[in-house]
1. Checking the condition at pLDDT 95 or above, under 30 Å from R37 (Cβ atoms), touching a Leu at 6+ places or on another chain (Cβ under 7 Å) and in a helix (DSSP H, G or I), which residue from F121, F68 passes?
2. What are the residues in region 74-92 that are open to solvent by less than 70 Å² (accessible area, probe 1.4 Å) and either over 17 Å from Q138 (Cβ atoms) or among the hydrophobic types (A, V, I, L, M, F, W, C) (or both), if any?
3. For L64, only one of the following conditions fails: (1) within 20 Å of L105 (Cβ to Cβ); (2) in contact with a Phe, Trp or Tyr (Cβ under 6 Å, 6 or more places away or on another chain); (3) without any contact (Cβ under 8 Å) to a residue 40 or more places away in the chain; (4) not hydroxyl-bearing (S, T, Y). What is its number?
4. Just a yes or no: is a residue in region 103-122 open to solvent by 40 Å² or more (accessible area, probe 1.4 Å), free of Cβ contacts under 8 Å to residues at least 60 places away in the same chain and under 17 Å from I12 (Cα atoms)?
5. Does L40 satisfy the criteria of being modelled with pLDDT under 95 and part of a helix (DSSP H, G or I)?
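The values are calculated or read from the model by the stated rules, or taken from the named source; none is laboratory data. Owing to the predicted nature of the structure, the values given are computational and were not obtained by experimental measurement. Note that we place each Cβ from the backbone using ideal geometry, even for glycine, and neighbour counts take in every protein chain shown. These area figures cover heavy atoms from the full protein model, side chains too; ligands, DNA and RNA do not enter into them. Shrake-Rupley method; radii C 1.70, N 1.55, O 1.52, S 1.80 Å.
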Amino acid sequence: MTQISHKTWLKITAVIVGSFGPIFFLATIPTFAEPARFTLDLLSWPLDGAQSYADPTLRFLSALAGSFLLGWGVLIWCLSGSVYDAAPEAVRKAVLTSILSWFLLDTTGSITSGNPSNVAFNMLILLAAIGPLWWPEQERKTRAHRPG
């Protein structure tokens with residue numbers, strides 16, 4: 001992968017991660033909770049309408065999760081700029097490690113909470129978020145090994 005493709009994919013990853021933030025934050029306001037309720041219903045397949053944001057504790061947890069997700073997405077976006085230019089391999093590995101950490105904990109929690117269908121969704125999100133970041137940047141590697 002090239003530097004341009006990695007930096008572009010970091011932005012895609014940032015949008016994937018960060019886009020869940022506003023959805024879950026809005027669930028703290030009962031009038032705007034439907035997108036988050038539907039998302040939870042979809043992730044705990046089948047669609048049965050069993051998910052609800054009536055409980056204030058769930059709305060609070062949604063506020064926390066939404067803010068963390070938005071912050072994580074913004075962080076990844078920021079890393080795709082000059083920080084990546086200065087340390088591309090360190091940024092790539094840090095983002096991969098964070099995505100894999102999310103995947104392991106969220107997948108385990110989905111299973112232990114009785115929502116194993118979310119594992120399939122997690123796998124799709126994992127593949128979309130990691131994309132070509134799985135492989136080191138080739139352009140820089142090639143330049144570093146050229147004689148002269």
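1. Being at pLDDT 95 or above, under 30 Å from R37 (Cβ atoms), touching a Leu at 6+ places or on another chain (Cβ under 7 Å) and in a helix (DSSP H, G or I) holds for just one of F121, F68, which is F121.
2. Within region 74-92, I76, L79, S80, G81, V83, A87, A90, V91 meet the criteria.
3. So the condition that L64 fails would be (2).
4. no
5. In short, yes.
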